[in-house]
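Read the structure below first, then the notes.
What follows draws every value from the coordinates through simple rules; no lab data is involved. Computed from a predicted model, the values in this text were never measured in an experiment. Every residue, glycine among them, receives a Cβ derived from its backbone with ideal geometry; neighbour counts consider all protein chains shown.
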């Protein structure tokens, strides 16, 4: 149980998931053929799964599907990592080059069956399998059912969203990783607070200072969650990004001895007035370039440095843009040289209305 | 002939073929009757060809195709000298401009290369390091810029390997990856295979799919520290879906492969952000790089290529106006300017026999040698010579007579005129620099409004000193505060000019005056009225009087200095900004022919194509098509015949009608005979008909109608 305790400590707020994962995978009688872990972005699915698997000591092959370009690529990676776990199948050792490539689910299943016939049980983790661009639900259910065919294999699928129709088959056991609440987020982030002052060597860093850092960091995290939790900081990773970004400007007054550490409300107000006023939109739009956050004089100068288009290109583009508001069916009427068979008066009228629409 | 015999053997089966390749039996000749004409005219034609080749061998190769001018009176040596001086002078200008252009991007290149060298994911919160390069809208320059970046990173700084992607690579994601792998690892085999597999090389690694980024990972293992730079040259045109996939894959591999992304953005950062989903943008973190703006680099290149005293040939105001108007309206590219400058050099040396004078400006003895009587005659025909002689007649009539009669005195006049022209242009450059400086200090706003190259053509027109811009500059100089005036004097004195000593003197005086008066504030002049004093004329006068009475002795002294300095400046500018047309031989030193440029740099493709098709003789120049043939003739090329038939047809054309008309025109009298489907001639004509039809479709004149079978829709009318 001591192992589990260290896991609980490392991954707070995931006790229940760790427990059920361990329970399902360490059952002595029969392992499930498949297992589904699901939850939105940044809820600790992959990390927890890997940590638990490491802890309970079952051999497992891990394939990150986001890294794979095609489905065949996933199959190939899954197969080669399985081979790496149990060793190459007997018959093909001599002729490495000729080894066939799994290019469909059936193929993969047959090959794995051969491979794992007499081996110890292994687990195949397919991470982010629903995020792969080519994968279809048939392939997904096929992969999930491979465990039915092969005795020694358990397939763990890590997915973002899980509905009853996902696999088109009997539902394997699943574990839900819900999104963290505010308290949970703050708790997780406070595991690794940043320090207020730059620390040169570890010995100077007393526990008192650590406590102060932790307190301020926690305050800051929860305050920022309150402001931006709805959009820019909607999960742990995003919140961490924003806090990391704002932290130096938050603690600057403390470093410069203007405020004490306990003056958090004042500090935060100051931060809000100085930084967030300009940059809230920037966090919302998530910029690539973050160095020039506040529009200053230098930036105004830079904005004058825009490149001009040639005169005619500029106005032709404007005209094309305006014309794009006309629906395509009217093109012949407004722009074509063809005349309809209708009478000239009617045409003249049309032309007039047409021009009005264009203008 | 094999295919032909095959065709003949089973020509009966041709009817049932959907398509077949027809190989004409005869040699490639565009019309049937021309073939016959060729037979008869073979002798005459070959004669003409002989003459042509003689011409080419004789002179063309040696002097770069320059023709003999002055009604063939020009010496062969002079023609060669003309060609050589073109090569020399333009080569010099080109070298200097290239140097400037190489420096233009230097700053950006340096910044990008440093970024690539330093960037690690740790530095950017574990995200994909990204450089946004704001390249500006001149697409023609982007390729060069990215090549420079590649060369810089790969060869000079050796930071890693660069793969440049353009929008035409963005057809699908797999191809993009394959291209990246090919560019980075330089593996050639296996990338085009159907089965997408790169076989393992000598059993070192297992074989992989040819789009697997792990190939790059293997490549990186052998080269520690090398960055893998993916540069997207035209991000706006790149398929956004592919770009999103590319970014997500690169991001996935960031822990394993040191990927760095460079994105070339022609519009603006904001527009770029709108193209990609936030989730993708969140994967990127990095820096922005600006490329020098067109105006700045243009100014530098202009100063080097035209204003510099090393450039002997200058642009005249008309050509300069034309070139810069085109720049402003259409292209905005420095490369375009250099091309038009080169064209000016080319056409000047090609068509003007007197341009050899330019080549010998520094070598007077050889110039007198190479100028022949024909040259002298040509000089006497110049308008500027006429002006010169006419101005001489009232004062020195004998000199005028000498110029007209004696070649020697004319040559001396040419030499002095060459010196005079050179002096004029160096004085002009100097004065322009001085004026720009003055403007930038006195009224920076005006200075940024008119760039140097526009100022140049305005001055050459000769009336710049009467224009408001000039008078404004002089007036504001009078009114500036004493600090600014002092600054002005010191900076202007630093520039090399004949005024520098007097300006420095004035500056010293003002400085002493200012230090004397410093307790009571700056020096005042009667010109510098504070704004509030100008309520009415009367009160203004009263105030002025008060002001005058309030002026100290230092102020009066200062007032004098300001007045004299401004007067000297004005006189100096008026002297230097005289029109160039007063100079003798200005036709040689200033290239000012508008029409070659307007024809060459503003092409008219549509009228040219229409003319080529309706009057092919104008372009082909062969005997059969020459003459004043208006309208359709059987000897014309097939596409031209078809085009003219097309012009006569209504908006919807039946293909069979077109074919029969075409047949009648092409065959002439023979068309009345019963058509024999199987005959070789008929078959060839049909093939040519389809080919001509295909050509017209390619040019966008026709398309197949959906309304009626076997009908064509007319898409373009002539002369629009």
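Between residue B:598 and residue A:106, what is the spin-label point distance in nm, taking each point 7 Å from the Cα along the Cα→C-beta axis?
Simple spin-label model gives 7.5 nm for this pair.
With a bin width of 5 angstrom, please list the P(r) values of region B:409-497 as percents of all Cα-Cα pairs, from the 0 bin to the one holding the largest distance.
The calculated distribution, bin by bin, is 3, 12, 20, 21, 16, 11, 6, 5, 3, 2, 0.
Which order results if A:70, B:490 are arranged by neighbouring Cβ count within 10 Å, fewest first?
Arranged by neighbour count, lowest to highest, A:70, B:490 become B:490, A:70.
If a/c stays under 1.5 just call it rounded; otherwise compare a/b with b/c (prolate if a/b is bigger, oblate if not). Do that for region A:2-176, with a ≥ b ≥ c from the square roots of the Cα gyration tensor eigenvalues.
In terms of gyration-tensor shape, prolate.
Quick check on region B:319-393: take the gyration tensor over C-alpha atoms, sort the square-rooted eigenvalues as a ≥ b ≥ c, and tell me if it's rounded (a/c under 1.5), prolate or oblate.
It comes out prolate by the Cα gyration axes.
Could you please rank B:215, A:36, placing first whichever residue has the fewest other Cβ atoms within 10 Å of its Cβ?
With the fewest neighbours first, B:215, A:36 line up as A:36, B:215.
Modelled label-to-label distance, residue A:165 and residue A:321, 7 Å Cα→beta-carbon offset: nm?
Computed distance between label sites residue A:165 and residue A:321 equals 4.1 nm.
Need the C-alpha centroid separation for region B:477-506 versus region B:109-169, integer Å.
45
Hey, how many Å between the Cα centroid of region B:574-625 and the Cα centroid of region B:230-277?
Going from one Cα centre to the other spans 45 Å.
Considering every residue in A:65-73, what mean count of other chain Cβ atoms within 10 Å of its Cβ is obtained?
What the average comes to for A:65-73 is 5.
For region B:389-441 and region B:353-384, what is the separation of their Cα centres, given in Å?
If you average the Cα positions of each part, the centres end up 15 Å apart.
Which of rounded, prolate, oblate describes region B:679-720, given a ≥ b ≥ c as roots of the alpha-carbon gyration tensor eigenvalues and a/c under 1.5 marking rounded, otherwise prolate only if a/b is larger than b/c?
Cα axes put region B:679-720 in the oblate bin.
Of the peptides A:258-267, B:689-698, B:247-256, how do they stack up when ordered by the mean number of other Cβ atoms within 10 Å, highest first?
Averaged packing, sorted descending, gives the order B:247-256, B:689-698, A:258-267.
Rank these for me by crowding, B:122, B:304, going from fewest to most other beta carbons within 10 Å.
With the sparsest Cβ surroundings first, the list reads B:122, B:304.
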